[in-house]
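What follows is a set of notes on a single structure, which appears directly below.
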Amino acid sequence: MSLGFRPDLLVDILPELLRGARITLELTIISVALGTLIGLVVGVCRVSHLKILNVPAALYVEVLRGTPLLVQVMIVYYGLPGVGINLGQMPSGILALSLNSGAYVAEIFKAGIKSIKKGQTEASFSLGMTYGQNMRYVILPQAVRNILPALGNEFIALIKDSSLVSVIAIEELLRRGMIVYSRTYNAWTPLLGVAMLYLCMTVPLSRVVAYLERRWEIND
Amino acid sequence: MKKIIAVILVLLVATLASGCIGGGDNDDNVLVVGTDATYPPMEYINDQGAFEGFDIDFARALAEAMGMDVKFINSDWAGIIPSLNAGKFDIIISSMTITEARMESVNFSDPYFYAGQVIIVGIENTDIDGEDDLVGKKVGVQLGTTGDTYCTEMDGVDVRRYNKIGDAVMDLINGNIDAVVSDNSVCLPFVADNPDDLKAVEGLLTVESYGIALPKGDTELLEKINEALAGMQASGAYDDVFAQWFGG
């Protein structure tokens, strides 16, 4: 038994690691979807002129971006039962990742909305549109197109950040690797496998983001 | 855009619904067991992704004795007591040594497993009956383990240090050393696998008692568990599980 790289072991454990990668993808996709929803609402509130909307939104972004995701995950899983909210492992992981991602996505939406020239809003108002109509039919459709690459980057970041939920023993990719390590006493092989599978997920995605960025430049 | 929002809403509802299933184990007839399954052969996840180990089989037998179903939840070791007290599971069965410090935050059942250093020897060996007989003998240990420390502190023992406990056992079977000293949970499975070559010397050189941990308030379940444990020990159900992992 060697502590070094063992190709035979890597082949043996690959199906097990792939099961972990599946959980990682599930976690990430659901969290990005929920995070985008949260980010859209919070982002729109952020640019609102109403204090009752923009102050809580700013506070949300400040708190969620200003504390470590690892701490947030532990607060949701171990802390919330203290106030009567007792969630299982996957719901806790998804909730923490979504709330965290929502704060970053809100900033992306804010930037996207601000990237649309003020003249368009003025034009909408002069056509008799309300603030809501202007947002929905004029600003957001353009903003969403502009921020697609940034949302893609957020997705990539979340794939990597999702490894933090291994701390509450969700059997995602990293935890799977550590389980193999605990059984085989070989750390190098499973962890290399884990890193490789993260790359298999992030590299194609970053190609897609690069493509979107290129196309956006040409259209401009 | 509407379709995307619809999809997101469906996902949201699905997540919340799964949250209800995942979070609320209010079914009284399921014994929910927390374990840190990274400690073979006591508790680990096998290559099929299933829970396996002595503690797992023990927990299943315990639940059966109590007339309950069993469900396992994997937990990180550092968070296992907080999770118990947060109600993530009913009990901990995870090779947990009963200590004064832990008793401040949890209750323990009666001990269900005694862990410690054990001596294993070749099947035909007759002159090693206890720790005093190790003097002057070649004793294999795993480098840096409790067994290593224990034998190194004894005078006159010829300690042979191996990287893997399996290497030491192999050398014992091959007759190159006289005995191996190691954690019983680690080396007894070798005895169980090679009953024609190896045997364990009766008794432990050091003793730690493993207990089942419960939340402080749950005295009703504690009584039921102690009762079921005593029943298993009397009926031989405990010995069956023990023999399966560690030999007779």
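Computed from the coordinates by the stated procedures, all read-outs in this text should not be read as laboratory data. Note that the coordinates shown come from a computational prediction; the quantities given were computed from them, not determined experimentally. Note that each Cβ is placed from the backbone with ideal geometry, even for glycine, and that neighbours are counted across all protein chains shown.
Quick notes
- Considering all different alpha carbon pairs of chain B, the Kirkwood hydrodynamic radius works out to 20.3 Å.
- Taking the Kirkwood radius as Rh and the Cα radius of gyration as Rg, segment A:7-219 has a ratio of Rg/Rh equal to 1.07.
- Whichever aspartates and glutamates have a C-alpha closer than 16 Å to that of residue A:114, once near sequence neighbours (fewer than 8 apart) are set aside: A:122
- Residues A:196, A:90, B:66, ranked from the fewest to the most other C-beta atoms within 10 Å, line up as A:196, B:66, A:90.
- Axis of helix A:51-66 versus longest Cα principal axis of chain A: the two differ by about 20°, to the nearest ten degrees.
- Going from the residue with the fewest nearby Cβ atoms within 10 Å to the one with the most, B:151, A:45, A:200 rank A:200, A:45, B:151.
- Ranked by the mean number of other Cβ atoms within 10 Å of their residues, highest first, the peptides A:49-58, A:29-38 come out as A:29-38, A:49-58.
- Rounded to 10°, Cα long-axis angle of helix B:219-235 versus longest principal axis of chain B: 40
- Where only DSSP H runs of four or more residues are counted, chain A gives -26000 deg cm²/dmol as its mean residue ellipticity at 222 nm, each run worth -39500 (n - 2.57).
- By the count of other C-beta atoms within 10 Å, a proxy for reagent exposure, A:161, B:171 are ordered fewest to most as B:171, A:161.
- Pairs of Lys in chain B closer than 19 Å at Cα, counting only those 8 or more apart or on different chains: 7
- Semi-axis lengths (Å, descending) of the ellipsoid that matches the C-alpha gyration tensor of segment A:1-119: 37, 19, 12
- Positive-end extreme of charge dipole, segment B:46-134 - chosen from B:94, B:126, B:105 (charges on Cβ): B:105
- For the protein assembly as shown, average projected area of the Cα convex hull in nm²: 27.7
- Between helix A:7-47 and chain A: long-axis angle, C-alpha atoms, 0 to 90°, nearest 10: 20
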